[in-house]
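Read the figures in this text as sums done on the coordinates, not as results from a lab. The structure presented is a predicted model; accordingly, all values stated were derived computationally and were not measured. FYI the Cβ positions are ideal-geometry reconstructions off the backbone, even for glycines, and counts take in every protein chain you see.
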Amino acid sequence: MNTIRNEIAQRLGVIPDHKLREVLNFLNYLAWQTENPRTQEDTDWLESDLSGLDNYEPYEWQEGELQEGLPVKFIAETGKIEIGV
């Protein structure tokens, strides 16, 4: 085990049992980030200027438009959403 892993293991020894779930959740999050690196599209979206979103009228979903598991894509140029893209 390398030095940092030893240090982490030692620090875990002082964490109270009721806090260990938080530690595990954070470790799971870090592992997920490692396994699912950000794409350029993710970065572009996160860095985009969303300050004008309140200029759009709320979208009224029609019955059957939203089905669990279908991907959706917002098209900024038209203000429309494509479903099942």
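Condition (residue is more than 30 Å from Ile15 (Cβ to Cβ) and in a helix (DSSP H, G or I)) applied to the range 58-68: is it met by at least one residue? No; the residues of the range 58-68 include none that is more than 30 Å from Ile15 (Cβ to Cβ) and in a helix (DSSP H, G or I). Only residues that are surrounded by 10 or more Cβ atoms within 10 Å (Cβ to Cβ) and in a helix (DSSP H, G or I) were counted across the range 6-18, and they come to 6. All of (1) of a type in the set (Val, Ile, Thr); (2) surrounded by 10 or more Cβ atoms within 10 Å (Cβ to Cβ); (3) over 30 Å from Thr78 (Cβ atoms) hold for Thr3 with one exception: (2).
Within the range 32-54, being part of a helix (DSSP H, G or I) and either farther than 17 Å from Ile81 by Cβ or of a type in the set (Asp, Glu) (or both) holds for Trp32, Gln33, Thr34, Glu35, Gln40, Glu41, Asp42, Thr43, Asp44, Leu46, Asp54.
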